[in-house]
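Chemist: Would you mind keeping the following structure in view while I ask a few things?
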Amino acid sequence: MEEIPTTAYPLSLSIDYPDGDRNRLTIFFRLFMLIPIWVVLALLSTSEFSGGGEEWDFYVGGGGVVAIPIVLMILFRQKYPKWWFNWNLELTRFSTRVFAYFALLRDEYPSTDEEQSVHLDIVYPDAKEDLNRWLPLVKWLLAILHYFVLIFLGIVSIVLIIIAWFAILFTGRYPKEMFGFVVGVERWSLRVGAYAFLLVTDKYPPFRLGE
């Protein structure tokens with residue numbers, strides 16, 4: 001298992017601040033440019049499509065993040081299967097790259113498998129040593145205060161992204177303070193997700209935007 005400082009959180013996120021002028025054309029049409037990769041992400045996050053009757057139901061996607069099976073494995077076996085962890089990690093990385101593109105943080109089109117300029121790492125847990133077998137049953141509830149804070153922060157982020165859209169079109173730059181705030185909110189949200197839904201740590205998420 002990867003070693004991390006005891007003061008660090010088991011999930012880390014950084015996104016490279018883009019140097020130089022931005023691509024104003026792709027910025028202007030960003031929502032339209034996002035559609036194809038969003039469809040790919042939606043298919044990976046959706047397990048069933050209903051076509052008008054039971055006889056037409058079929059599976060089309062990857063099923064999204066593995067959560068409930070992990071709850072059961074930790075509860076009854078104190079195990080966190082590595083391939084389930086890898087799936088959740090790579091899907092989270094991919095979705096974060098898509099978010100970075102949507103939020104105008106980067107101009108390169110999101111890759112399905114390459115890291116690009118979005119650096120997300122999660123430490124693989126030792127389920128027997130690091131995870132309490134009962135906590136997965138209540139973590140989603142313990143994180144409820146974070147949900148309320150993130151709703152507010154998310155609204156602020158959307159406003160800043162809209163302002164940044166105009167700023168980039170007129171100046172070619174994403175204001176650095178806004179960039180840092182939007183990345184910080186995403187980092188905060190991912191930490192809450194790692195605690196309450198990915199279940200990779202029992203360490204309660206900090207109430208902060210920074211590392």
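The values are calculated or read from the model by the stated rules, or taken from the named source; none is laboratory data. A quick note: this is a predicted structure, and the numbers were derived from the prediction, not measured. We place every Cβ from the backbone using ideal geometry, glycine too, and count neighbours over all the protein chains shown.
Chemist: For the stretch 148-179, which residues satisfy the criterion of being surrounded by 13 or more Cβ atoms within 10 Å (Cβ to Cβ), within 19 Å of the chain's Cα centre (by Cα) and more than 16 Å from PHE99 (Cα to Cα)?
Modeler: VAL149
Chemist: Let me ask something else. Select from the stretch 183-211 the residues that are among the acidic types (Asp, Glu) and over 11 Å from the mean Cα position of the chain (by Cα) and list them in ascending order.
Modeler: Across the stretch 183-211, the qualifying residues are ASP202, GLU211.
Chemist: Also: Would you mind stating whether PHE148 is within 30 Å of GLY20 (Cβ to Cβ) and either free of Cβ contacts under 8 Å to residues at least 60 places away in the same chain or of a type outside the set (Ser, Thr, Tyr) (or both)?
Modeler: No, not satisfied.
Chemist: Hey, can you tell me all the residues within the stretch 127-147 that are among the acidic types (Asp, Glu) and surrounded by 12 or more Cβ atoms within 10 Å (Cβ to Cβ)?
Modeler: Across the stretch 127-147, the qualifying residue is only ASP130.
Chemist: Give the residue, chosen from LEU153, LEU169, LEU198, that is closer than 29 Å to ASP107 by Cα and touching a Lys or Arg at 6+ places or on another chain (Cβ under 7 Å).
Modeler: Result of the check over LEU153, LEU169, LEU198: LEU169.
Chemist: Still on this structure, please answer the following. Can you name the number of the only condition in (1) under 30 Å from ALA167 (Cβ atoms); (2) at pLDDT 90 or above that LEU43 fails?
Modeler: (1)
Chemist: Let me ask another. Select, from TYR147, TYR124, TYR174, the only residue that is closer than 14 Å to ILE15 by Cα and aromatic (Phe, Trp, Tyr). It would help to see each step written out before you state the result.
Modeler: On the way: TYR147 fails: closer than 14 Å to ILE15 by Cα; TYR124 fails: closer than 14 Å to ILE15 by Cα.
It is TYR174.
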